[in-house]
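Accompanying notes for the structure given below.
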Amino acid sequence: MKSYLDIIHDYQLLQARASMGVPLYEEEEAERSGLWALLRGETGDSDGRRALPRVLAPMNARFSQSRGFGAGRVRDLSGGGLCLTTPAPPPALHTELLVYLDDLGRGLRFVFPVRVVWRASGALGAAFSGMPSRVAIADLRARSFTPSGVYRVKGAAEQDVILVR
């Protein structure tokens with residue numbers, strides 16, 4: 001069964017492909033429409049500012065930007081973005097971030113590219129803005145990072161797979 005994060009991921013993945021001009025197959029277009037309907041719900045957002053309603057989803061989050069890393073907590077999210085509280089001053093408007101959300105119960109990490117659309121003391125609102133990813137945390141732990149920018153997948157020395165960033 002798909003979680004809310006899975007639904008957002010799958011919808012944003014199809015949205016990103018379509019916005020890049022990649023034609024969607026008929027089945028993918030149908031899936032995107034179905035995911036939109038699931039995310040929209042029956043009532044939409046009560047304040048009329050959003051096409052997709054917010055869902056309270058308190059969870060820890062990490063984010064990266066060109067100037068470093070940060071941590072915070074998701075207050076709520078929707079199919080279009082999220083609200084993140086952070087003890088540090090939030091990044092500037094229009095800053096591009098990668099937000100990392102871990103679903104520890106299922107052992108998955110979701111990474112969402114976002115753009116900061118509003119900020120206040122200790123909080124920011126971010127709109128999803130690119131191709132998300134979902135990967136098993138165990139797969140991430142199987143990789144080790146070297147300062148040269150090369151990832152090595154752990155295994156027998158003769159069978160190491162090297163991935164260059």
Would it be correct to say that residue 56 is under 27 Å from residue 137 (Cα atoms), loosely packed, with under 15 Cβ neighbours inside 10 Å, among the hydrophobic types (A, V, I, L, M, F, W, C) and free of Cβ contacts under 8 Å to residues at least 40 places away in the same chain? yes
Name the single residue, out of those in the stretch 1-34 being of a type in the set (Lys, Arg) and either without any contact (Cβ under 8 Å) to a residue 40 or more places away in the chain or in contact with a helix residue (DSSP H, G or I) (Cβ under 6 Å, 6 or more places away or on another chain) (or both), that is farthest from residue 111 (Cα to Cα). 32
Out of all the residues in the stretch 35-44, is one or more among the aromatic types (Phe, Trp, Tyr), at negative phi and without any contact (Cβ under 8 Å) to a residue 24 or more places away in the chain? no
For residues that are among the hydrophobic types (A, V, I, L, M, F, W, C) and surrounded by 16 or more Cβ atoms within 10 Å (Cβ to Cβ), tally how many sit in the stretch 92-119. 10
Would you mind finding the one in 101, 35, 14 that is among the aliphatic types (A, V, I, L, M) and touching a strand residue (DSSP E or B) at 6+ places or on another chain (Cβ under 9 Å)? 101
Being surrounded by fewer than 17 Cβ atoms within 10 Å (Cβ to Cβ), aliphatic (A, V, I, L, M), in contact with a Pro (Cβ under 8 Å, 6 or more places away or on another chain) and assigned to a helix (DSSP H, G or I) is the requirement here; does residue 16 meet it? yes
Just one of the numbered conditions (1) modelled with pLDDT under 90; (2) more than 15 Å from the chain's Cα centre (by Cα) is not true of residue 65; which one? (2)
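This table checks each residue for (1) under 19 Å from residue 115 (Cβ atoms); (2) out of contact with any strand residue (DSSP E or B) (no Cβ under 6 Å at 6 or more places or on another chain); (3) modelled with pLDDT of 95 or more.
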position	(1), (2), (3)
6	no, yes, yes
10	no, yes, yes
19	yes, yes, no
22	no, yes, no
40	no, yes, no
48	no, yes, no
52	yes, yes, no
56	no, no, no
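The values are calculated or read from the model by the stated rules, or taken from the named source; none is laboratory data. Bear in mind that the values here come from a model prediction, so they are computed numbers and not experimental data. So basically every Cβ, Gly included, is an ideal-geometry build from the backbone, and we count neighbours across all protein chains shown.
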